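A short worksheet on the structure shown next.
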Amino acid sequence: MPPFTVVIPWRSAPSRVSAYEFVTAWYAQHVPEATVRAIDTDDDVFVLAACRNRAIASVPADEVVVVNDADTFPEVDALRAAVAAARTSGRVHLPYTEYHWLGAEGTAQLRGGMAPEDCVFDLVIGACSGVYATTPRTWAAHGGQDERFRGWGFEDAAWYLAYETLFGAPPIRHEGSVYALHHQAEVRAGERYDANAALMERYRAAAGDPAAMAQLVGVELPVSSS
């Protein structure tokens with residue numbers, strides 16, 4: 001398969017280092033054609049939406065880039081299928097139909113040598129993040145992810161609503177699973193989290209209304225990546 005870029009939003013935190021190291025080692029072993037690098041911004045808090053936007057904007061407009069969370073890895077065949085399709089489809093591709101949260105037990109099994117598909121997991125219903133394959137042109141067409149979501153919470157769900165509303169269909173999924181490793185949960189409370197929740201309500205209100213959503217995310221209608 002032709003080479004492609006994988007960018008991991010990453011700001012070091014003690015409980016997350018082992019997962020990040022596992023994911024980067026997994027790519028080196030299983031997807032050697034991928035060039036993997038990390039990205040962060042200079043924001044005072046970790047802004048995942050901003051990292052994803054910068055990651056995608058860092059390659060030429062029609063080149064495929066995979067944005068991969070630091071605690072998550074896909075299945076090889078589904079990833080390669082998503083990358084190949086994203087080159088020409090003008091849409092964002094998710095290389096999974098199931099999101100497996102391994103938790104402490106499943107992660108221990110994985111690190112003990114068990115195949116990821118055999119590890120204990122919780123199925124995350126409605127998951128829409130973890131691993132994305134796209135081009136900068138496609139990502140810009142629907143506004144990318146909203147950098148007003150600061151810290152943890154809601155940026156991926158808001159993005160999904162915007163995408164579905166503006167393109168008239170959800171991102172394209174490829175049969176397979178992604179596996180999320182256990183780490184200490186982030187605090188989802190406080191003033192910043194409440195601000196994120198309020199912004200998410202604006203996305204819910206605009207869902208299904210392309211004109212309202214385009215105004216909210218700052219793009220022109222009709223949305224097109226071609």
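The values are calculated or read from the model by the stated rules, or taken from the named source; none is laboratory data. None of these values were measured; they are calculated from a predicted model. So basically every Cβ, Gly included, is an ideal-geometry build from the backbone, and we count neighbours across all protein chains shown. Note: areas computed on protein heavy atoms with side chains; ligands, DNA, RNA excluded. Shrake-Rupley method; radii C 1.70, N 1.55, O 1.52, S 1.80 Å.
Rundown of residues vs (1) under 19 Å from the mean Cα position of the chain (by Cα); (2) open to solvent by 30 Å² or more (accessible area, probe 1.4 Å); (3) within 23 Å of residue 193 (Cβ to Cβ), yes/no style:
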{"residue": "3", "(1), (2), (3)": "no, yes, no"}
{"residue": "7", "(1), (2), (3)": "yes, no, no"}
{"residue": "15", "(1), (2), (3)": "no, yes, yes"}
{"residue": "28", "(1), (2), (3)": "no, yes, no"}
{"residue": "40", "(1), (2), (3)": "yes, yes, yes"}
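Which one is modelled with the lowest pLDDT, of the residues in region 134-164 that are open to solvent by 20 Å² or more (accessible area, probe 1.4 Å) and over 26 Å from residue 4 (Cβ atoms)? This residue is 152. Looking only at region 115-127, residues that are assigned to a helix (DSSP H, G or I) and of a type in the set (A, V, I, L, M) come to 0 in all.
May I ask you to list the residues in region 84-98 that are in contact (Cβ under 8 Å) with a residue 40 or more places away in the chain and either open to solvent by 10 Å² or more (accessible area, probe 1.4 Å) or over 14 Å from the mean Cα position of the chain (by Cα) (or both)?
Our first condition is that a residue be in contact (Cβ under 8 Å) with a residue 40 or more places away in the chain; within region 84-98, this holds for 84-87, 89-98.
The answer is 84, 85, 86, 87, 89, 90, 91, 97, 98.
Residue by residue, here is whether (1) within 18 Å of the chain's Cα centre (by Cα); (2) modelled with pLDDT of 95 or more; (3) buried (at least 17 other Cβ atoms within 10 Å of the Cβ); (4) assigned to a helix (DSSP H, G or I) holds:
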{"site": "100", "(1), (2), (3), (4)": "yes, yes, yes, no"}
{"site": "113", "(1), (2), (3), (4)": "no, yes, no, no"}
{"site": "132", "(1), (2), (3), (4)": "yes, yes, yes, no"}
{"site": "186", "(1), (2), (3), (4)": "yes, no, no, no"}
{"site": "192", "(1), (2), (3), (4)": "no, no, no, yes"}
